1. Look at region 44-57 and say how many of its residues are touching a strand residue (DSSP E or B) at 6+ places or on another chain (Cβ under 6 Å), surrounded by fewer than 19 Cβ atoms within 10 Å (Cβ to Cβ) and not aliphatic (A, V, I, L, M).
2. Restrict the check to region 66-73 and report whether at least one residue is closer than 14 Å to LYS47 by Cβ, modelled with pLDDT of 95 or more and out of contact with any Cys (no Cβ under 9 Å at 6 or more places or on another chain).
3. Has region 54-66 got any residue that is free of Cβ contacts under 8 Å to residues at least 40 places away in the same chain, in a loop (DSSP other than H, G, I, E, B) and of a type in the set (Asp, Glu)?
4. State all residues of region 17-56 that are more than 19 Å from SER88 (Cα to Cα), out of contact with any Pro (no Cβ under 7 Å at 6 or more places or on another chain) and aliphatic (A, V, I, L, M); if no residue qualifies, say none.
5. I'd like the full set of residues that are of a type outside the set (Phe, Trp, Tyr), under 13 Å from the mean Cα position of the chain (by Cα) and closer than 14 Å to ILE102 by Cβ, limited to region 47-71.
6. Residues of region 77-121 being of a type in the set (S, T, N, Q), more than 15 Å from VAL22 (Cβ to Cβ) and either at pLDDT 90 or above or out of contact with any Leu (no Cβ under 7 Å at 6 or more places or on another chain) (or both), which ones?
Amino acid sequence: MKRNILFIPILLFLASCSSSRVLTIASKYGTICDGESGCICRSYFVKESNNSSWQLMDLLELKGFPYELGYEYKIIVNSDGVYDRTVSKTKKDSEGPFPTRIFDESWGWNTRCEDVYEKEK
């Protein structure tokens, strides 16, 4: 009976570990356009594995994640996509190609999308 009591917590622990994912967060912000305001917003560049391409993720999706510009992170998120912990934090310049423009820190909070993308033409 004692073996069964010890076995159940181990199974629960292993089950919780298997539902978590490791994400790589780039050392720079990406850009997304806010649909309501038409303004440029910051986003994370995220990879699920070293072989995948960078994707955009809204900053609000990783509540509690202590991001610092200029560092590439490997983090663990739980099955609900909620930030759990940081595995590594490395000072580096993450390499693209990135799916959108890199956020320019000189842009104000009300920089319009058309102003940013108009300059590219």
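The values are calculated or read from the model by the stated rules, or taken from the named source; none is laboratory data. Quick caveat: nothing in here was measured; it's all calculated off a predicted structure. All Cβ positions, glycine included, derive from the backbone under ideal geometry; neighbour counts span all protein chains shown.
1. So the count comes out to 2.
2. The first filter runs over region 66-73 and keeps only residues closer than 14 Å to LYS47 by Cβ, leaving 72-73.
Filter once more, keeping what is modelled with pLDDT of 95 or more: 72-73.
Checking the rest, the ones that are also out of contact with any Cys (no Cβ under 9 Å at 6 or more places or on another chain) come to 72-73.
Among the residues of region 66-73, at least one is closer than 14 Å to LYS47 by Cβ, modelled with pLDDT of 95 or more and out of contact with any Cys (no Cβ under 9 Å at 6 or more places or on another chain), which makes the answer yes.
3. Within region 54-66, the first condition is being free of Cβ contacts under 8 Å to residues at least 40 places away in the same chain, and the residues that meet it are 57-64, 66.
Applying the additional criterion that residues be in a loop (DSSP other than H, G, I, E, B) yields 63-64, 66.
If we keep only those that are of a type in the set (Asp, Glu) as well, we get none.
Checked against the condition, which is being free of Cβ contacts under 8 Å to residues at least 40 places away in the same chain, in a loop (DSSP other than H, G, I, E, B) and of a type in the set (Asp, Glu), region 54-66 yields no hits at all.
4. ILE32, ILE40 - these are the residues of region 17-56 that are more than 19 Å from SER88 (Cα to Cα), out of contact with any Pro (no Cβ under 7 Å at 6 or more places or on another chain) and aliphatic (A, V, I, L, M).
5. LEU56, LEU69
6. Selection gives SER94, SER106, ASN110, THR111.
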